[in-house]
1. Could you tell me whether any residue of the range 266-281 is within 16 Å of the ligand (Cβ to nearest atom), among the aromatic types (F, W, Y) and outside any loop (DSSP other than H, G, I, E, B)?
2. Report whether or not Y143 is over 20 Å from L302 (Cβ atoms) and modelled with pLDDT under 95.
3. Would you confirm, using the coordinates I've provided, whether N209 is in a loop (DSSP other than H, G, I, E, B), under 29 Å from the mean Cα position of the chain (by Cα) and free of Cβ contacts under 8 Å to residues at least 24 places away in the same chain?
4. Limited to the range 293-307, what total is found for residues that are small (G, A, S) and surrounded by fewer than 21 Cβ atoms within 10 Å (Cβ to Cβ)?
5. Please work out which one of (1) exposed (fewer than 13 other Cβ atoms within 10 Å of the Cβ); (2) within 19 Å of K339 (Cα to Cα); (3) modelled with pLDDT of 75 or more; (4) basic (K, R) is the condition K244 fails and give its number.
6. Residue check: is L140 surrounded by 18 or more Cβ atoms within 10 Å (Cβ to Cβ), within 21 Å of F326 (Cα to Cα) and in contact with a helix residue (DSSP H, G or I) (Cβ under 9 Å, 6 or more places away or on another chain)?
7. Can you tell me which residue is farthest from T350 (Cα to Cα) among those in the range 216-231 that are in a loop (DSSP other than H, G, I, E, B) and either basic (K, R) or within 13 Å of the ligand (Cβ to nearest atom) (or both)?
8. Just to be sure I understand, how many residues within the range 308-330 are buried (at least 22 other Cβ atoms within 10 Å of the Cβ) and either of a type in the set (G, A, S) or near the ligand (Cβ under 9 Å from one of its atoms) (or both)?
Amino acid sequence: MPELTEKNLLKLKETFISQLKGIKKEEIETLETRYFGRKGEIRKLYQKLSSLSLEKKKKYGEMINLLSKELESLLNQKKIEFSYDQATKQTYDEQLLESSLPGTNFFLGHIHPLQQVLDEIISVFRNLGFKVELGPEIELEDYNFTKLNIPENHPARDMQDTLYLDMPDTDKGKIVLRTHTSPTQIRTMLSQKPPIKAIMPGRVYRRDNLDASHQFNFHQVEGLLVDKNVRLSDLKGVLNYFVKSIFGDVILKDSQESNETVSRFRQSYFPFTEPSLEMDMKCFICKGTGCGVCKNTGFIELLGCGMVHPEVLKNVNLAPEVYTGFAFGIGVERVAMLKYRIDDMRLFYTNDIRFLKQF
Ligand code: PHE
């Protein structure tokens, strides 16, 4: 057995490395025993310490510790390499992509809650025989306002609410981002003859400040029915059916709890309908007693509606003496919030997986 010198320790290390280099998988255990076994090289080195002076004991003791750790880690590294499938003949890096290791979980995507609600709304009206029409989000001011009987000086046209596009006026006037889906009513009535029975879903834009119930960009589903003898009671019947279809379970639960009204029609004003109504649902947070979400009214506005204004019919060349119609505009986000009892609209847009996963 050679002397305990630095040179000899180094030599031992070099021998180990060269033996490790050409080693086969089945030889690794033998090598391990030869160095780390009870009668192994490392143990022998430690045994030599006993005959040394205290000072040297310390010095060589540390060196042997270090050497032992080094050799061990080299050996482990080799074992890891061997643990990968040799048959594939991949490089070590490639083998880090080991296919038999448990993989990262990927969540299967699903339909966004807003789209789910939109699909549901569309299917309810399709069952009633409404067709789906689409209109552009970049719209003529004329269709967004003028033809809808919203006069030049109406506050809804104010720059605070409407996003005007910074582009030269066309021969048909100014261009806006539509503030509601109602201009698609105009397009539909200009391109079709009654009876017209259509819903028009889409994205709308307003210059609103963001908060729990306002977005500058949200979704509506417009509805329009124009024919002879259309009456306000038809409108109410259709919308009551809609609310029952969408909120059936929620309403049932609420009315069992409180035995009270869960939806209501309220008089309102829109320039393009006469008479105009709004439909509200009982606030899902406070159950009607008043809270921040419903601004202490106990109800949350769901949609605007009414009978198509005679002026609007005239604007699309329909005779108000012959035809009548009803129209409504449903806020998709509002429906989703009420249906799933979500108190902050922003949750739909932040795309937090923890939120989205629940639908
Ligand atoms: N366009 C109206 C809005 O955005 C809603 C509405 C649609 C009202 C159709 C009456 C009829 O608020």
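The values are calculated or read from the model by the stated rules, or taken from the named source; none is laboratory data. Predicted model only: the values in this text are computed from it and were never measured. Positions of Cβ are backbone-derived with ideal geometry, glycine not excepted, and every protein chain shown enters the neighbour counts.
1. yes
2. No, not satisfied.
3. On the way: in a loop (DSSP other than H, G, I, E, B): yes; under 29 Å from the mean Cα position of the chain (by Cα): yes; free of Cβ contacts under 8 Å to residues at least 24 places away in the same chain: yes.
Against the criterion (in a loop (DSSP other than H, G, I, E, B), under 29 Å from the mean Cα position of the chain (by Cα) and free of Cβ contacts under 8 Å to residues at least 24 places away in the same chain), N209 qualifies.
4. If we filter the range 293-307 for residues that are small (G, A, S), which is where we start, we get 298, 304, 306.
Of the ones still in play, those that are also surrounded by fewer than 21 Cβ atoms within 10 Å (Cβ to Cβ) are 298.
Final tally of qualifying residues: 1.
5. Only one criterion is unmet by K244, namely (1).
6. no
7. K228
8. Matching residues across the range 308-330 total 7.
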